[in-house]
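Enquirer: Here it is, the structure, as structure tokens.
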């Protein structure tokens, strides 16, 4: 999705919820992005959100991916469009 907001997060949770086996429960570890923790976010009954402690990127494995991307692919560049950024990330 091109935007990170509460409605995008709700759609993401709906997809995860649909993939959880009947009778099972999913626990999602999240950082404190506003759309992750919004009071307006409807969380499906078969999902529990587990927020990571503030200011602890070492506990969030995706931070390592983003750091690698910034250091090796996304640094010191000017992008003409959102599509150019997505294409470069896909190539990486």
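Enquirer: What angle do you read, to the nearest 10 degrees and between 0 and 90, between the alpha-carbon axis of helix 6-19 and the longest principal axis of the chain?
Expert: 60
Enquirer: Then there is this: Test of understanding: in a Gaussian network model of the chain with alpha carbons linked when under 10 Å, which of 37, 69, 29 would top the mean-square fluctuation ranking?
Expert: Comparing 37, 69, 29 in the GNM, the peak value goes to 69.
Enquirer: So how do 66, 3 line up by other beta-carbon neighbours within 10 Å, fewest first?
Expert: Fewest-to-most ranking of 66, 3: 3, 66.
Enquirer: Sequence gap at least 6, Cα distance under 8 Å: using those rules, report the relative contact order of the chain to the nearest whole percent.
Expert: 25
Enquirer: Who wins for biggest fluctuation among 70, 55, 80 in a Gaussian network model of the chain, springs between alpha carbons below 10 Å?
Expert: Taking springs between Cα atoms under 10 Å, the residue moving most is 80.
Enquirer: Only helical DSSP H runs with n ≥ 4 go in: add -39500 (n - 2.57) per run for the chain, normalise by residue count and round the 222 nm mean residue ellipticity to 500 deg cm²/dmol.
Expert: Rounded to the nearest 500, it is -11000 deg cm²/dmol.
Enquirer: Could you work out which residue, out of 81, 38, 17, moves most in a Gaussian network model of the chain, that is, has the largest mean-square fluctuation with Cα springs under 10 Å?
Expert: Ranking 81, 38, 17 by mean-square fluctuation puts 81 first.
Enquirer: For 78, 85, what ranking results if the residue with the fewest other Cβ atoms within 10 Å of its Cβ goes first?
Expert: 78, 85
Enquirer: Against the longest alpha carbon principal axis of the chain, how many degrees, from 0 to 90 and to the nearest 10, is the axis of helix 82-91 turned?
Expert: Computed tilt is about 90 degrees.
Only the coordinates and a few stated rules stand behind these numbers; no lab work does. This one's a predicted model, so the numbers in the text were calculated from it and none came from an experiment. A quick note on method: Cβ atoms are made from the backbone with ideal geometry, for glycine too, and the neighbour counts reach across all protein chains shown.
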